[in-house]
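The values are calculated or read from the model by the stated rules, or taken from the named source; none is laboratory data. The structure displayed is predicted, hence computed values, not measured ones. Neighbour counts are summed over all protein chains in view; Cβ atoms, including those assigned to glycine, are modelled from backbone coordinates with ideal geometry. Ligands, DNA and RNA are excluded from the accessible area calculation, which covers all protein heavy atoms including side chains. Shrake-Rupley method; radii C 1.70, N 1.55, O 1.52, S 1.80 Å.
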Amino acid sequence: SRTTEQRALAQRLVWALRILAALLASCPEAFGAALCGVAGASGGGTEQAREVPPLASVLLALRAPCDKDDTICLEVIQMLSVCMQAEEDHSSDDGVREGVAALLLRLEFVQWLMRLSQKKGIATPVYCKVMGLLACCAPQLSGKPVLLRFLAQLAEGLRTALRGPSAAGASAVEEARLRRLVATLNFVASLRLCARSAAVLVGPEQSAHTVATTGSDQVGGLGMDGWLDVVEAEGRPPSTPAAAPALLHHHELRAAALRGLLAVATSSAPQGKAYFVGSPRAVPLLLRLVRRGRAPLPSLALNILWVLAHGSQRALPLLRRLRAAEVVREALEAAREVSSVEDEEAQHFVFVAEQMCIILG
């Protein structure tokens, strides 16, 4: 039957993609040949400069099948993830070859991935893989208008998804919701944010009345309180074994939210640190996490505090008033007792805590 033939064809395509991914990962010559023909020629408008790389031809041909078949879509994303890793492993200093992320952006494959992520009914595994691949493309997205539009869409989705957990008993639905949120926030954390993108994420949310009366098309942010609500929520102990995965994803969500806030704090936005200093909740919550949070929350919270102390004169009086030095010293002593030379994360925590103590005096 036709359905059987389509399934067989899809399966052959899946195996072909896996073989191609393995070849690109293991053979630098094959990887280079797959990306050649775009940025290689310096002759401007020559035919050689306009030549489409073999990898680009493959991707353009696979977009339609990806729209119809989640299995093929996942394999394409996996192949591209392998290519990203292969690019690091087979890095070249010739400055000639176009990178994978740059190629995806030029082919508007990144834009297609963004549209795919917003597709109604997209499966959770596909959504998470798409966001992971977009995170790998983050360096190419910085400052691009397409990123600002996409962040506005994500902010609207986050605003809806963060309103609360799903109905009791729907543990599978809740787990899927949390996985999507984690993937979204990890993508945000991968970005180098500018002032406008930071405002979309943590700026004050505009009311419908404000938009209607001012006619502004400026996208309102989630507000700092929305992020802090996610970080602060402890999560309830699972009532059944089936609910345990959701609790794990809930902790991952808190960590992802802190990574997103760290991206805001380290952004190029002049007001990036002001979002934290201007919030009556942010710094006290971060200090509580440093004191008694569950890993990796203390380390993430400490990194945000260090960025604030190091780069914001307004933050120093606030930190001293809240006795941040005492909290950090207690955490430093505890970390020294349990850390080992082989534990890089613990050593980083100790280093940042020592720097904080020096700054705070």
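Applying 1/(1 + (r/R0)^6) with R0 = 41 Å to the Cβ-Cβ distance of R288 and T4, what FRET efficiency is obtained, to the nearest 0.05? Provide the component values of the computation, followed by the final result.
Values: r = 59 Å, r/R0 = 1.44.
My answer for the efficiency is 0.10.
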Q | Net lengthening on full extension, E330/K119 (0.36 nm per residue, minus Cα-Cα) | A | 71.2 nm
Q. Lysines within cross-link reach of K68: Cα-Cα under 19 Å, excluding same-chain residues under 8 positions apart?
A. K119, K120, K129
**Q.** Nearest-10 value in Å² for the accessible area of S171, using the 1.4 Å probe
**A.** 40
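So which GluC sites (Glu not before Pro) in the stretch 253-361 pass both tests, a DSSP loop state and at most 14 other Cβ atoms within 10 Å of the Cβ? Intermediate values should be presented prior to the final figure.
Numbers: sites: E326, E330, E333, E337, E342, E344, E345, E354; in loops: E342.
Within the stretch 253-361, the qualifying GluC sites (Glu not before Pro) (loop, at most 14 other Cβ atoms within 10 Å) are E342.
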Q) Using the Cβ atoms and a cut-off under 12 Å, what net charge is assigned to the surroundings of R18, where Lys and Arg are +1 and Asp and Glu are -1? A) 0
Q) List the lysines whose alpha-carbon lies under 25 Å from that of K273, not counting same-chain residues fewer than 8 positions away? A) K144
(Q) Just to verify a number: FRET efficiency for W112 and R321, C-beta to C-beta distance, R0 = 45 Å, to 0.05? (A) 0.35
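Would you mind giving the three semi-axes, in whole Å and largest first, of the ellipsoid equivalent to the stretch 253-361 according to its Cα gyration tensor?
Numbers: eigenvalues 91, 49, 30 Å².
They are 21, 16, 12 Å, listed largest first.
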(Q) I want to check the label-to-label distance for A172 and R159. Put each point 7 Å from Cα in the C-beta direction and report it in nm to one decimal. (A) 3.2
